[in-house]
Amino acid sequence: MGSITRRKFLATSAASAAAITAAGLMGNVRIARADDEIVIASLFDQSGGLDVYGTPMTMCATLAVEEINAAGGLLGKKIRLISYDPQSNMELYAQYAQEAALKEKVAVVQGAITSASREVIRPILGENKTMLWYSVIYEGGVCDMNNVVSGATPLQMGDPVVEYGMKNYGKKVYYIGADYNAPQIIGDWGKKYVTEHGGEWLAKNLFPLDVTEFGPEISKIQAAKPDFLYTCLVGGAHISFYRQWAAAGMLSKIPMVSFTFGVGNEHKSLKPEECDGIVSAQPYFQELETPANKAFVKRFQDRFGGPDKAPYLNSVGSGSYIGTWFWAEAVKKAGTIEREAVLKALASGMSWEGPSGKLTIDPASMHCTQDVHLAKVEGGSWKVFQTINQLRPDDVKDRCDLTKNPETAEQFTPQI
Amino acid sequence: MDLVGIQIIQVLSGIATLALMGAGLAVIFGMMRVINFAHGEFMMLGGYVVIVCTEQFGINLWVAMLIIAPILVGLIGLVFERILIRFLYGRMIDTLIATWGLSLFLIGVITWIFGNVTRGVQTPLGSYSFGDYSEKTYTLVMIAFTVVIYLAIFVVLRRTKLGLIARGTMQNPSQASCLGVSPPRVYMVTFAIGAALTGLAGAILAPLNTVIPTIGVSYVAQAFITVITGGAAAFTGTVLASGVFGAVRQIISFQWTPILGQVFLLITAVILLRIFPTGITGRYFRRST
């Protein structure tokens, strides 16, 4: 390797700066494509550790695009979906987001599963003026005009489920979750809610994603004697907690409510005796008994190999179907795929009704007001027992107002 | 009082878990000096054997766990010893690369067959009460299994001719070969036994955890830290290191958080290896097995 001289360094930086600027400029100019198609991209992990989430999401985006095309397309054109596979790898997220924005000049990116990957692509797509639609339940607080969110937030899921627990089980709450930003922040939201409603927040304990041994924690929970347990565990290794909890005979002794249970199809991996009675709040369950959802589940299963082969749908998987359709409706309303016009159409407080119910964009946060359903595991599947209609995504209302400050592009966290 | 009792059981369970994870590696790495990066995947295979046997074929859980899993994983180990490992004895870094590849291969094959889906068997035997606390009965069974497995290992290695031949061959293959022993065959059998012990450990831990193709990653680092800290006398060392690490981790986890438990386990490992660069048994119990 040659040494880096000052002159060489300056030359290289100037060249790359020029290249980046040029690339940025090109991103702004939306060159007319082959006239008969609109290109959009999906960025969901179809391999690696997160493929359990990403594969159904890709399928749902595909189904939505096929349906839109079969119904005559969008603005008289067919949609072409490019399904990138970032392989559960953050570098590939960055690379594909750039490729989608600069090379393919897509109209929208439906993308990111974990909050970590969303925070990788959000600034890239923001700089390149390409819309990002995020449809996964998450820790809330993103305040970015370019990032439309149809996934539910802690206010929409965490608060109802904790409220249910405090009403039915008691006021002492013990929280456990996975050790990264989302469960960390969701825990803080939980603490805020519990303390503001006269409850007692006993503990917030977080576990690295590869922990499988929960013996000491289970004894600790027994020692703390909470009225109920609030969990936000994530991933395959953490399912061990539910197994060990049931094996210690705790399932019938201390009730459990959760933010994430079911999102990784935990109730399908465990035996009914290991998880019956756990309560979760989610914007979508495959078991929802509405005609719109039954028809959607049937279309999905028919398209992907029948009820036995098609993956089970939860609020993560179905999210990309909702996101893709909702975006298409916004394009129809705007009459163009031009980003600013579509965002403006959405920010007018646009609504769309899908398999999970009605969603309405809140212009202040670009999140969705939506229905949330409370369900309990019974015999290994979800039994929806209560629907809370049209919950607003007001998590960070005090700080986020995109109608006044459209240039905001940050993520707010709870203030305790 | 109840609290102390339950904590003692937790500590014993933590020690037993580490000792179980380390047993097979103590053979393959401790005795044979093969850096087996596929150790976690052999454990994962043990878990899958249990799941397939009980779910697909309706075989009794204990039979699947204690008999079928070690035999099958042992045979798989034997096959890979023949086609991969046997060319690499004495080349430690090469074994690392080769078994790393083997680990990725096994993860791939299992994902291909079973999908990247979480599976598991329910923990048998229910729970028992201990004052205010309740705990799973299976923990006690797992501790008992670990004790029996280690007793068996010590008896075989110290009291039988097979054990003598194995130990002799590992120490000095050429001398052993002069005495009419075939070192390649001894290596082959020893590796298979190491794999069988690893599969057994994976099977015993399966009802406590979940089984996914990538679960090995959760096991392999802990197993290596334990066996390396144990030092030259692989089995005595693994037991001693498990004792220290298991106690440190469980007590810290209980008093503070599981993250600090992991942190203190690693700090303890660093301190131990600083004091005993060749492992605990590099200084104490040098003449043990």
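Overview of results
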{"read-out": "Any hit, the range A:155-167, residues being more than 23 Å from the chain's Cα centre (by Cα), farther than 22 Å from residue A:271 by Cβ, more than 9 Å from chain B (Cβ to nearest Cβ) and surrounded by fewer than 18 Cβ atoms within 10 Å (Cβ to Cβ)", "value": "yes"}
{"read-out": "Residue in the range A:268-286 that is within 14 Å of another protein chain (Cβ to nearest Cβ) and touching a strand residue (DSSP E or B) at 6+ places or on another chain (Cβ under 6 Å) present", "value": "yes"}
{"read-out": "Among residues of the range A:201-212, those that are within 8 Å of chain B (Cβ to nearest Cβ) and part of a loop (DSSP other than H, G, I, E, B), counted", "value": "4"}
{"read-out": "Selected residue (only one of B:243, B:202, B:261 is assigned to a helix (DSSP H, G or I) and more than 14 Å from chain A (Cβ to nearest Cβ))", "value": "B:243"}
{"read-out": "Residue count for the range B:82-107, restricted to those that are surrounded by fewer than 14 Cβ atoms within 10 Å (Cβ to Cβ), among the aliphatic types (A, V, I, L, M) and within 16 Å of residue B:42 (Cβ to Cβ)", "value": "2"}
{"read-out": "Hits in the range B:12-33 - residues which are aliphatic (A, V, I, L, M) and modelled with pLDDT under 90", "value": "B:31, B:32"}
{"read-out": "Qualifying positions in the range B:117-147 - surrounded by fewer than 15 Cβ atoms within 10 Å (Cβ to Cβ) and more than 9 Å from every other protein chain (Cβ to nearest Cβ)", "value": "B:131, B:144, B:147"}
{"read-out": "Scope the range A:218-233; condition within 9 Å of another protein chain (Cβ to nearest Cβ) and part of a helix (DSSP H, G or I); matching residues", "value": "A:218, A:219, A:220, A:222, A:223"}
{"read-out": "Filter result for residue B:196 (crowded, with 24+ Cβ neighbours inside 10 Å and either modelled with pLDDT of 90 or more or polar (S, T, N, Q) (or both))", "value": "yes"}
{"read-out": "Answer residue from the range A:71-100, given it is among the aliphatic types (A, V, I, L, M) and modelled with pLDDT under 95 and is surrounded by the fewest Cβ atoms within 10 Å (Cβ to Cβ) among those", "value": "A:71"}
{"read-out": "Residue among A:215, A:236, A:198 that alone is among the small types (Gly, Ala, Ser) and away from chain B (no Cβ under 14 Å)", "value": "A:198"}
{"read-out": "Members of the range A:276-287 found to be among the small types (Gly, Ala, Ser) and either within 19 Å of the chain's Cα centre (by Cα) or not in a loop (DSSP other than H, G, I, E, B) (or both), listed by number", "value": "A:280, A:281"}
{"read-out": "Check on residue A:253, within 14 Å of chain B (Cβ to nearest Cβ), closer than 18 Å to residue B:206 by Cα and either under 25 Å from the mean Cα position of the chain (by Cα) or in a loop (DSSP other than H, G, I, E, B) (or both)", "value": "no"}
{"read-out": "For residue A:174: the one exception among (1) away from chain B (no Cβ under 14 Å); (2) among the aromatic types (Phe, Trp, Tyr); (3) not in a loop (DSSP other than H, G, I, E, B)", "value": "(1)"}
{"read-out": "Qualifying residue in the range B:182-194 (condition: away from chain A (no Cβ under 11 Å), over 26 Å from residue B:236 (Cα atoms) and over 13 Å from the mean Cα position of the chain (by Cα))", "value": "yes"}
{"read-out": "Positions within the range B:38-79 being closer than 21 Å to residue B:187 by Cβ, touching a Ser or Thr at 6+ places or on another chain (Cβ under 9 Å) and either surrounded by fewer than 21 Cβ atoms within 10 Å (Cβ to Cβ) or acidic (Asp, Glu) (or both), in sequence order", "value": "B:41"}
{"read-out": "Some residue of the range A:133-141 being crowded, with 21+ Cβ neighbours inside 10 Å and closer than 18 Å to residue A:405 by Cα", "value": "yes"}
{"read-out": "Search result, residues across the range A:375-413 that are among the aromatic types (Phe, Trp, Tyr), farther than 19 Å from residue A:135 by Cα and surrounded by 13 or more Cβ atoms within 10 Å (Cβ to Cβ)", "value": "A:382"}
{"read-out": "Scope the range A:193-214; condition buried (at least 17 other Cβ atoms within 10 Å of the Cβ) and among the acidic types (Asp, Glu); matching residues", "value": "A:210, A:213"}
{"read-out": "Residue within the range A:216-227 that is within 17 Å of residue A:139 (Cα to Cα), at pLDDT 90 or above and surrounded by 21 or more Cβ atoms within 10 Å (Cβ to Cβ) present", "value": "no"}
{"read-out": "The range A:322-357: number of residues that are surrounded by fewer than 23 Cβ atoms within 10 Å (Cβ to Cβ), free of Cβ contacts under 8 Å to residues at least 40 places away in the same chain and either outside any strand (DSSP E or B) or out of contact with any Asp or Glu (no Cβ under 7 Å at 6 or more places or on another chain) (or both)", "value": "11"}
{"read-out": "Residue list for the range A:168-204, restricted to those being among the β-branched types (Val, Ile, Thr) and over 17 Å from the mean Cα position of the chain (by Cα)", "value": "A:173, A:176, A:194, A:195"}
{"read-out": "Where residue A:190 falls short, out of the listed (1) under 30 Å from residue B:18 (Cα atoms); (2) buried (at least 21 other Cβ atoms within 10 Å of the Cβ)", "value": "(1)"}
{"read-out": "Options A:31, A:38: the member that is among the β-branched types (Val, Ile, Thr), at pLDDT below 80 and under 30 Å from residue A:329 (Cβ atoms)", "value": "A:31"}
{"read-out": "Which numbered condition residue B:227 misses (of (1) away from chain A (no Cβ under 14 Å); (2) farther than 23 Å from residue B:143 by Cα)", "value": "(2)"}
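Residue-wise test of (1) part of a loop (DSSP other than H, G, I, E, B); (2) buried (at least 19 other Cβ atoms within 10 Å of the Cβ).
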{"residue": "A:261", "(1), (2)": "yes, yes"}
{"residue": "A:289", "(1), (2)": "yes, no"}
{"residue": "A:292", "(1), (2)": "no, no"}
{"residue": "A:298", "(1), (2)": "no, no"}
{"residue": "A:301", "(1), (2)": "no, no"}
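The values are calculated or read from the model by the stated rules, or taken from the named source; none is laboratory data. Given the structure is predicted, the values throughout are model-derived calculations rather than measurements. When we count neighbours, we look across all protein chains shown, and the Cβ atoms used for this are built from the backbone with ideal geometry, even at glycine.
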